[in-house]
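Here is the structure we will look at, set down as C-alpha cells.
All of the numbers you see were taken from the coordinates with simple rules; none came from a lab. None of the values given here were measured: they were computed from a predicted structure. Please note: Cβ atoms are built from the backbone with ideal geometry, for glycine as well, and neighbour counts cover all protein chains shown.
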Amino acid sequence: MFTLWIMGRPAAGKTTLASGIADRLATEGFEIENLDGDDLREQLHPELGFSRTDRRVNNRRTAYIAKLLNKHDVVAVVGMITPFAAARAQAREIVEAEGEFVLVYARCPLGVAEERDPKGLYEAARNGEIERFTGIDHPFEEPADPDVVVDTAECSPAEGVDHVLDRLDDLGLLG
C-alpha cells in the first residue's frame with residue numbers, strides 16, 4: 001500500500017489536489033483515507049502551535065496514522081504544508097515501515113498563493129495577526145527531491161490529478 005504526502009505552501013492547492021486524487025482512486029476500487037492537515041490539527045492535536053517543534057510533532061503523528069492505514073491496505077492521502085525537509089524525511093521513514101511513501105510537491109509561487117488565499121491568512125499574517133506563518137515570517141523549505149511535482153499555478157486541478165495518477169502508475173502503485 002502507499003501514502004501520498006502532498007505538501008506545499010498555504011493555498012497552494014493541496015486540499016483540492018488531495019480530494020481529486022482520493023475521489024479518483026476510490027472510483028478505481030482503492031480503499032482511501034484523505035487526511036487533511038487542517039482537520040487533523042483541529043480534531044487530534046489542537047494543543048500544537050506552529051513552532052518548528054510542534055510542526056514536527058504534527059507531521060510525525062500524521063505519518064504514524066498513514067502507516068497504520070497502509071498496514072491495513074488503505075491508501076492514505078495526506079495534505080499538509082510540511083515546510084521542513086527534516087519532517088518530510090521523518091514522515092517518509094515512518095510510513096516506509098509499512099508501505100510506499102510518495103512525496104507530491106504542490107508547487108505554487110508565493111504571489112499566486114496569496115492571490116488565491118481563500119481564508120485570508122496571508123493578509124492576516126502580513127498584518128501581524130498570525131505569527132509564524134509559513135512563507136511570510138516562518139521558513140518554507142522547497143523539497144529537493146519530490147517524487148512528483150504539480151505546478152498548481154500552471155495546471156488545472158484535473159490536470160494535476162491526472163499527472164499524479166500517471167506518476168503513480170509509472171511507479172507501479174496502481175496495478
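Things to note:
- Residue that is surrounded by the fewest Cβ atoms within 10 Å (Cβ to Cβ), among those in the range 50-82 that are small (Gly, Ala, Ser) and outside any loop (DSSP other than H, G, I, E, B): ALA76
- Residues satisfying the stated conditions in the range 146-175, i.e. within 19 Å of THR15 (Cβ to Cβ) and part of a loop (DSSP other than H, G, I, E, B): PRO146, THR152, ALA153, GLU154, CYS155, SER156
To keep it simple, each residue is scored yes or no on (1) in contact (Cβ under 8 Å) with a residue 24 or more places away in the chain; (2) of a type outside the set (Ser, Thr, Tyr); (3) closer than 17 Å to VAL95 by Cβ.
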residue: LEU4; (1), (2), (3): yes, yes, yes
residue: GLY13; (1), (2), (3): yes, yes, no
residue: GLY29; (1), (2), (3): no, yes, no
residue: PRO46; (1), (2), (3): no, yes, no
residue: GLY49; (1), (2), (3): yes, yes, no
residue: ASN58; (1), (2), (3): no, yes, yes
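- Residues located in the range 1-49, provided they are surrounded by fewer than 17 Cβ atoms within 10 Å (Cβ to Cβ), part of a helix (DSSP H, G or I), touching an Asp or Glu at 6+ places or on another chain (Cβ under 9 Å) and of a type outside the set (Lys, Arg): SER19
- Qualifying residue in the range 151-161 (condition: surrounded by 16 or more Cβ atoms within 10 Å (Cβ to Cβ) and under 15 Å from ILE81 (Cβ atoms)): yes
- Only residues that are in contact with a Phe, Trp or Tyr (Cβ under 7 Å, 6 or more places away or on another chain) and either without any contact (Cβ under 8 Å) to a residue 24 or more places away in the chain or in a strand (DSSP E or B) (or both) were counted across the range 93-108, and they come to 5.
- All of (1) surrounded by fewer than 18 Cβ atoms within 10 Å (Cβ to Cβ); (2) in contact (Cβ under 8 Å) with a residue 40 or more places away in the chain; (3) assigned to a helix (DSSP H, G or I) hold for ALA113 with one exception: (1).
- The range 116-150 - residue that is under 21 Å from GLY20 (Cα atoms) and touching a helix residue (DSSP H, G or I) at 6+ places or on another chain (Cβ under 8 Å) and, of those, surrounded by the most Cβ atoms within 10 Å (Cβ to Cβ): VAL150
- Residues satisfying the stated conditions in the range 122-159, i.e. more than 14 Å from the chain's Cα centre (by Cα) and within 22 Å of PHE2 (Cβ to Cβ): ALA144, ASP145, PRO157, ALA158, GLU159
- The residues of the range 116-137 that are touching a residue at least 24 places away in the same chain (Cβ under 8 Å), of a type in the set (D, E, K, R) and assigned to a helix (DSSP H, G or I) amount to a single one, ARG116.
- The numbered conditions (1) more than 25 Å from LEU110 (Cβ to Cβ); (2) of a type outside the set (D, E, K, R); (3) more than 13 Å from the chain's Cα centre (by Cα) are all true for SER51 except (1).
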